[in-house]
Structure formats: structure tokens, C-alpha cells
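Student: Let me begin by handing over the structure; questions about it come next.
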Amino acid sequence: MHRSMILKAISVFLVIAAAINLSACSAMPEKTRYSKAYLEFFDTVTQIVGYDVDEETFTQNCEKVYSLLEEYHQLTDIYHSYEGVNNVRTINKNAGIEPVKVDEKLISLLEFSKEMCAATDGKCNIAMGSVLSIWHKYREAGISDPETAELPPMDALMEASEHCDIDKLIIDRDAGTVYLDDPEMSLDLGASAKGYAVERAAQLLMDEGIESGYTINIGGNVRTIGTKGDGSDWAAGIQNPDTADSEKPYIVRLKLNGMALVTSGNYQRYYEVDGVRYHHIIDPDTLMPLNNFDSVSILCADSGMADALSTALFNMTISDGRALLSKMDNIEAIWVLPGGSYECTDGFAELIID
């Protein structure tokens, strides 16, 4: 990631972190608020906040989360190889050649991603790597030299879209292998990896007996464990996509208790061509970024599901998104429209702080 992108990620993170009400003024006397931040994972900022009995205990918990996130970062990386690790890059390099033996964690993530692809009728498809790589190349070039920024040729995108059939992602759990049955196919887990990793990290802490008082935030993928240290709800803000509006940093603020909040938006990763913004969320049908919304946020108990659904609903109409959510339990959404107005589900509205 370019330094400018790192600085931008930090800026976005700070806005999100500022929205989370983590004040320790009313925390129970035996617990203190601690915080750690990392820059090593998923090209963004990770923050862990926890109310714990002492800093040593908090640090030990953070070290466990760090190790787990490092695993998922390496396993899902499509650009880099790591000694002794067969990751998504390894799978992509062996497309059409041979199955690749991978860690069970990656198999479970890929199985989950296939399930979410089916549930969203292909609107969240990790098999779109061939298309997304073209957009990535043009976006990076446009960011580096805005004067020469241009759009990918539609014929190249159309050709690449012929190699996005997720049914050709062959997972053999018994053998522990993954095979892409198309030599031109590639995976990109950008729509599910962060949220899934956050959820696994939260589950790790809960397995250690932590029932409340912690949050994990990876680039705006927020997962709270229970309440704050004093038993009150956490509070988080839905960022205003107009990041230049200092007087209104959030569209709304809402209460969180043991929930995940994930946002997909057009205001973080984008470039401009002839004054028009082209963001990184690519619609599988048009092969272009849609501009129906500035952001879509999902609130539910599972961060991985929230991550996948925020991408899927960004690529749907509001009515189609509502229809999809009506088939699922306890999942809420907010759609932020161009201009700053919004629409949300009834369950989401109930959690908004006046």
C-alpha cells in the first residue's frame, strides 16, 4: 500500500474510533480501559479496546488476537507469499494446474464465502478476482498519476467475467485441498476476509471466558463483545461519506451490545476519471461501480456475515436488499444516499441514539 493510502486508512480509522464511545469514566473499579493498535493486517488499521483487570492480562489477550489475525492476513493475501504458508495467492497461481493443500482455517473461510455468494445470488462473489484485478491495476495507476487516469476497457472486463464461476472453486475438506477448475480464474476475498477474521478473533476471546468489555475494529469492521466495562452499551457512528464535512462527522449514532457493524462505502478506495469517482465495489452484473449509495452498513451478530452482506446490498436496490434481509434473522441495515439522507430497517432505527 502506498504511504498516502496508509495515511488515509489511519484518518478513516480515527474517525471511526472517535465515534465509538469507549469512555472509562464509569467503568467498574476493578477494570481499566486499555487499547492497542496495529498496522500489519489487511492494509488498514486494527484496534483492540478492552476493559480488563490489569494491563498484563489485556496484553496477553491482544497477543492471542494478533497471532490469529496474522494467520488470516497471510492466508487470504493475494499479492504476497509467506514461508511455509499456502494462501490464496498460492491457490490462484495453481489455477487449472493442481489442488493446493491449505490450512483448515482457509477452507472454512472459503466455504463460508461460497455460502454467502449463494445467499446473495452472486452479489458477493469471491471468484471475481479476474475482474477485480483489472480494476485494481487501473485504480492504482490512476491514483499514482491522476492526469492519465482512465477506465478499464469493457471488452477486457467482459472477457475476465467469463472466469468468475464460483462453482469452479473446488473444496475437498477431507483432503484439505482447494482447486480452481479454470486456469484464468482467481479468488479475491476482499469482501469477506476482514469481517470473518474479526469474528474469529471475537470468538477466540469469548472462548477464553471474556463475556463483555472488548471491541475489535479492523478498518471499520467493528465487533463488540457484550457491553462496556460498566455494563452500558457501546456507541458507534455511521460515518458521513462527505469526509470534508467537519460539522457532521456521522450520519447517525447507535447503540451496540455484542454486535458487529460493518460498512461498505465509496469514499475510501477510489480514483477519478474526468472528474467522476470510481470506487472499489464492483457490481458482478455491470462490472462497474454503482453509485446508488454512498455507503451501506450492516448490523448483526456475526462480523463475517455483516462484511459479506454490506458488499452484496451495496450492489442491490434497497427493495432487493430488504427482500434479502427478510429471509434472514436479526440482520439490520442502513443505506446512506448521495447527499446524506438515509433509509434503514426498523430494527436499525430502534438502536439510533437521539
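Student: Out of the residues in region 62-83 meeting the condition of being touching a residue at least 60 places away in the same chain (Cβ under 8 Å) and part of a helix (DSSP H, G or I), tell me which one is nearest to G129 (Cα to Cα).
Tutor: T76
Student: In this structure, does E343 turn out to be closer than 21 Å to D245 by Cβ, among the charged types (D, E, K, R) and surrounded by 15 or more Cβ atoms within 10 Å (Cβ to Cβ)?
Tutor: Considered against the rule, which asks whether it is closer than 21 Å to D245 by Cβ, among the charged types (D, E, K, R) and surrounded by 15 or more Cβ atoms within 10 Å (Cβ to Cβ), E343 comes out as yes.
Student: Would you say Y267 is free of Cβ contacts under 8 Å to residues at least 40 places away in the same chain and not aliphatic (A, V, I, L, M)?
Tutor: Yes: the conditions hold for Y267.
Student: Filter region 309-326 down to the residues that are assigned to a loop (DSSP other than H, G, I, E, B) and out of contact with any Asp or Glu (no Cβ under 6 Å at 6 or more places or on another chain), then identify the one that is farthest from S264 (Cα to Cα).
Tutor: S326
Student: If I filter region 101-117 for residues that are open to solvent by 60 Å² or more (accessible area, probe 1.4 Å), more than 23 Å from P183 (Cβ to Cβ) and without any contact (Cβ under 8 Å) to a residue 12 or more places away in the chain, do I get at least one hit?
Tutor: Looking through region 101-117, at least one residue is open to solvent by 60 Å² or more (accessible area, probe 1.4 Å), more than 23 Å from P183 (Cβ to Cβ) and without any contact (Cβ under 8 Å) to a residue 12 or more places away in the chain.
Student: To continue, here is another question. Search region 240-299 for residues being aliphatic (A, V, I, L, M) and touching an Asp or Glu at 6+ places or on another chain (Cβ under 7 Å), and hand back the single one that is most open to solvent (accessible area, probe 1.4 Å).
Tutor: Looking at the filtered set, the residue picked out is L290.
Student: Within region 164-192, track down each residue that is at pLDDT 95 or above, within 14 Å of G129 (Cβ to Cβ) and open to solvent by less than 30 Å² (accessible area, probe 1.4 Å).
Tutor: C164, I166, L169, V178, L180, D182, M185, S186, L187, L189
Student: Just to check your reading of the model, which residue among V45, V88 is touching a residue at least 24 places away in the same chain (Cβ under 8 Å), out of contact with any Phe, Trp or Tyr (no Cβ under 7 Å at 6 or more places or on another chain), of a type outside the set (F, W, Y) and open to solvent by less than 60 Å² (accessible area, probe 1.4 Å)?
Tutor: Result of the check over V45, V88: V88.
Student: Still on this structure, please answer the following. Which of the following residues is open to solvent by 20 Å² or more (accessible area, probe 1.4 Å), small (G, A, S) and over 30 Å from L180 (Cβ atoms): S81, S67, S35?
Tutor: When all the criteria are applied, what remains is S35.
Student: All but one of (1) among the β-branched types (V, I, T); (2) open to solvent by less than 20 Å² (accessible area, probe 1.4 Å); (3) more than 16 Å from the chain's Cα centre (by Cα) hold for T76, so report the exception by its number.
Tutor: Evaluating T76 over (1) among the β-branched types (V, I, T); (2) open to solvent by less than 20 Å² (accessible area, probe 1.4 Å); (3) more than 16 Å from the chain's Cα centre (by Cα) leaves (3) as the failure.
Student: Another question about this same structure. Assess whether D329 counts as being in a helix (DSSP H, G or I) and open to solvent by 20 Å² or more (accessible area, probe 1.4 Å).
Tutor: no
Student: Considering only region 224-270, state which residues are of a type in the set (K, R) and touching a Phe, Trp or Tyr at 6+ places or on another chain (Cβ under 9 Å).
Tutor: K228, K255 - these are the residues of region 224-270 that are of a type in the set (K, R) and touching a Phe, Trp or Tyr at 6+ places or on another chain (Cβ under 9 Å).
Student: Separate question: If I ask for residues that are of a type outside the set (A, V, I, L, M) and either open to solvent by less than 50 Å² (accessible area, probe 1.4 Å) or more than 19 Å from Y267 (Cα to Cα) (or both), which ones from region 122-137 would you list?
Tutor: G122, K123, C124, N125, G129, S130, S133, W135
Student: Go through region 132-173 residue by residue and tally those that are over 30 Å from I107 (Cα atoms) and over 24 Å from the mean Cα position of the chain (by Cα).
Tutor: 13
Student: So which residues in region 84-111 are in a helix (DSSP H, G or I), of a type outside the set (S, T, N, Q) and closer than 14 Å to D172 by Cα, if there are any at all?
Tutor: Hits for region 84-111 are I91, E104, K105, L106, I107, L109, L110, E111.
The values are calculated or read from the model by the stated rules, or taken from the named source; none is laboratory data. A quick note: this is a predicted structure, and the numbers were derived from the prediction, not measured. Using ideal geometry, Cβ is built from the backbone for each residue, glycine included, and neighbour counts are taken over all protein chains shown. Side chains are part of the model used for accessible areas, which takes the heavy atoms of the whole protein and leaves out ligands, DNA and RNA. Shrake-Rupley method; radii C 1.70, N 1.55, O 1.52, S 1.80 Å.
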